[in-house]
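Novice: Can you read through this structure? Questions will come right after.
The values are calculated or read from the model by the stated rules, or taken from the named source; none is laboratory data. Treat the numbers as computed from the prediction; the structure is a model and nothing was measured. Every residue, glycine as well, gets a Cβ built from its backbone with ideal geometry; the counts of neighbours run over all protein chains shown.
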Amino acid sequence: MHYRAGERAAAARCCHAALDEQPDNFDALHLLGVLETDDSHPVAAIDWLRRAIAVRPDVAQAHYHLGNALLAADRHQDAVDSFAQALALQPDHADAHNNQGNALRTLGRYEEATACYRRALVLRPNFAAAHYNLGRTLSAQNRPEEAVESLRTALQGEVQTRDDHHLADVYGELGRALLALDRVEEALETCRALNARLPNEPSAVWNESLALLLLGRYREAWPKYERRFEVVGHDAARVGHHVPDLATVAGKRVLVAAEQGRGDLIQFTRYAPLLARRGAEVVIEAYPDLVSLFRTLDGVADVVEFETNTPHDLLVSLLTLPMAFGTEVDSIPADVPYLHATPERLATWRARLGLRVRPRVGVAWWGSPTSRPSSIPVAELAPLLHQPGVDFHVLHKEVPDDQRAWLNAHSDAVLHTEALADFADTAALIAEMDLVITVDTSVAHLAGALGKPVWIMLSSNPDWRWLRNRTDSPWYPTARLFRRGTREDWTDVVAAVGRALPEALIASPV
């Protein structure tokens, strides 16, 4: 039930006319809900669909469409419940199984989501969307070989129907699964195949850039990486953004625009002092919780909050600077520390922590929703956190209630969530640690930028910046990388870190 924009307006008028005559007209209420969902008005859609269900609670399709509206409104558990209602009334509703899987996947309930997609495919074996959703959920479960099989089936279905709408998503997910299997040339081929099929599709070029970056082929990658601004879901380039000519920046006020996540900002602000050394007056944008920290950068004139429209002569997006400086793997500017804890914050945290009696290890296992596949369930850290003779301190601010309860019951690790006002506090806390052990999140980048010894536990399909098959990082000289293998859990990585820890702390000052 899909309408073009003009058809939707006409259909809505008919529905309202029908409701004027009969306020409990189920068909009109139901259709208005669908139309509002299609128009990206999920809150209004939910209201219409609930009214429709109040009239006819026995119609599976109404519950299904309510689930779609709730999904669009990011009310994922409510969506799961609505799809369950639809399936109770119509167990063979393949679309409801598929979309219930989508809601469960968003909640991180991957096994349940996988079961939903498999039920949808029993009912409709050629259901390309369910094959795609199953593939990306298998990837999230660290099952890349199975994911490749599902995604190739999805791709075949999309090509056969000549539906180009989802091709970029399928090709992109297939490329990531192939990268997880270290089949990099095949991953690159998926990018080229998409480019051949859809020559104007920017995600093909952007995904190719990510594979090239993973391979360390930076010279080829950076120009292609500029296509990121055209990819759906990525922020558009700011007005005035361009790649600066470094020979002409002297004497100009250069605004370095923030983009992507906090870890990205921490990693790439290393280029701001390099611009200042070229004679530029450098102003950096940052999220509010990074402003104080970034004011410790050498030579930077000012740090302002994100999108404050500060006056400038030139504007460049932060992650364009590696291309501007012609960065190769062997020329990464890796002088650390380039960020620092301030004396005031250090004094506060030293007083808070008190006298050091044992080695201190900072830990971070949980990232933001966008980095959740890199996160580790806290219970899997038990072998590490139970090591004797070490004081463990939690470095991330957000600790879900269930994880907090587990820590209180099974660990002596110290939480500092209420005291971490911003990343300047996190920097001071890290400065008081002998070692940081973390997943791939902003804490990893901050510890590296501070020049602190940091061990980073990586998933089987890590971000491009960690390159392939390395235990060190050219971006952070003090980092040591522990890579997850093909297991679905983190047992081997945690065990490897636990074995290495005692020797590493022998020389720690107390």
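Novice: Is there a residue in region 39-46 that is under 20 Å from ALA9 (Cβ atoms), of a type outside the set (Asp, Glu) and not in a helix (DSSP H, G or I)? Quick ask: steps written out before the conclusion?
Specialist: Just the residues of region 39-46 that are under 20 Å from ALA9 (Cβ atoms), to begin with: 39-45.
Checking which are of a type outside the set (Asp, Glu) leaves us with 40-45.
Filter once more, keeping what is not in a helix (DSSP H, G or I): 40-41.
Checking region 39-46: at least one residue is under 20 Å from ALA9 (Cβ atoms), of a type outside the set (Asp, Glu) and not in a helix (DSSP H, G or I).
Novice: Please enumerate the residues belonging to region 19-39 that are surrounded by fewer than 20 Cβ atoms within 10 Å (Cβ to Cβ) and touching a helix residue (DSSP H, G or I) at 6+ places or on another chain (Cβ under 7 Å).
Specialist: Restricting attention to region 19-39, the residues satisfying the condition of being surrounded by fewer than 20 Cβ atoms within 10 Å (Cβ to Cβ) are 19-27, 38-39.
Once the filter is applied, which keeps residues that are surrounded by fewer than 20 Cβ atoms within 10 Å (Cβ to Cβ) and touching a helix residue (DSSP H, G or I) at 6+ places or on another chain (Cβ under 7 Å), region 19-39 yields LEU19, ASP24, ASN25, PHE26, ASP38, ASP39.
Novice: I'm trying to understand the selection: among the residues of region 226-242, which are over 17 Å from the mean Cα position of the chain (by Cα) and closer than 23 Å to ALA180 by Cβ?
Specialist: The answer is ARG227, and nothing else.
Novice: Of all residues in region 320-376, which are polar (S, T, N, Q), part of a loop (DSSP other than H, G, I, E, B) and at pLDDT below 95?
Specialist: Pass one, region 320-376, residues polar (S, T, N, Q): 320, 327, 331, 342, 348, 368, 370-371, 374-375.
If we keep only those that are part of a loop (DSSP other than H, G, I, E, B) as well, we get 327, 342, 368, 375.
Scanning region 320-376 gives SER368, SER375.
Novice: Examine region 287-299 for a residue that is within 26 Å of GLU398 (Cα to Cα), among the β-branched types (Val, Ile, Thr), at pLDDT 95 or above and in a loop (DSSP other than H, G, I, E, B), and state whether such a residue exists.
Specialist: Yes; the residues of region 287-299 include at least one that is within 26 Å of GLU398 (Cα to Cα), among the β-branched types (Val, Ile, Thr), at pLDDT 95 or above and in a loop (DSSP other than H, G, I, E, B).
Novice: Now, a different point. Only one of VAL239, VAL256 is out of contact with any helix residue (DSSP H, G or I) (no Cβ under 9 Å at 6 or more places or on another chain) and among the β-branched types (Val, Ile, Thr). Can you tell me which?
Specialist: Values: VAL256 fails: out of contact with any helix residue (DSSP H, G or I) (no Cβ under 9 Å at 6 or more places or on another chain).
Of VAL239, VAL256, the one residue that is out of contact with any helix residue (DSSP H, G or I) (no Cβ under 9 Å at 6 or more places or on another chain) and among the β-branched types (Val, Ile, Thr) is VAL239.
Novice: Is at least one residue of region 114-129 surrounded by 20 or more Cβ atoms within 10 Å (Cβ to Cβ), modelled with pLDDT of 95 or more, closer than 21 Å to SER374 by Cβ and not hydrophobic (A, V, I, L, M, F, W, C)?
Specialist: yes
Novice: Is it the case that region 66-81 has a residue that's closer than 20 Å to GLN22 by Cβ and not in a helix (DSSP H, G or I)? Spell out how you get there, then give the answer.
Specialist: Our first condition is that a residue be closer than 20 Å to GLN22 by Cβ; within region 66-81, this holds for none.
Looking for residues that are closer than 20 Å to GLN22 by Cβ and not in a helix (DSSP H, G or I), one finds none in region 66-81, hence no.
Novice: Just for region 398-442: of the residues that are surrounded by 19 or more Cβ atoms within 10 Å (Cβ to Cβ) and charged (D, E, K, R), which one is farthest from the chain's Cα centre (by Cα)?
Specialist: Only one residue tops the list, namely ASP434.
Novice: Ok, one more. From the residues in region 240-274 that are part of a loop (DSSP other than H, G, I, E, B) and polar (S, T, N, Q), which one is surrounded by the most Cβ atoms within 10 Å (Cβ to Cβ)?
Specialist: The first filter runs over region 240-274 and keeps only residues part of a loop (DSSP other than H, G, I, E, B), leaving 240, 242-245, 249-252, 258-261, 269-270.
From the residues that got through so far, the ones that are polar (S, T, N, Q) too are 260, 269.
Values: GLN260: 16, THR269: 26.
That would be THR269.
Conditions tested, residue by residue: (1) of a type outside the set (A, V, I, L, M, F, W, C); (2) part of a helix (DSSP H, G or I); (3) in contact (Cβ under 8 Å) with a residue 24 or more places away in the chain; (4) in the same structural domain as LEU138 (by TED's automatic domain parsing).
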site: THR37; (1), (2), (3), (4): yes, yes, yes, yes
site: ASP58; (1), (2), (3), (4): yes, no, yes, yes
site: TYR64; (1), (2), (3), (4): yes, yes, yes, yes
site: PRO91; (1), (2), (3), (4): yes, no, no, yes
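Novice: Next question, about the same structure. Please specify each residue of region 450-495 satisfying the condition of being under 25 Å from LEU215 (Cβ atoms), surrounded by 14 or more Cβ atoms within 10 Å (Cβ to Cβ) and among the small types (Gly, Ala, Ser).
Specialist: SER459, SER460, SER473, ALA479
Novice: Can you find a residue that is more than 30 Å from GLY216 (Cβ to Cβ) and touching a residue at least 12 places away in the same chain (Cβ under 8 Å) anywhere in region 165-185?
Specialist: Checking region 165-185: at least one residue is more than 30 Å from GLY216 (Cβ to Cβ) and touching a residue at least 12 places away in the same chain (Cβ under 8 Å).
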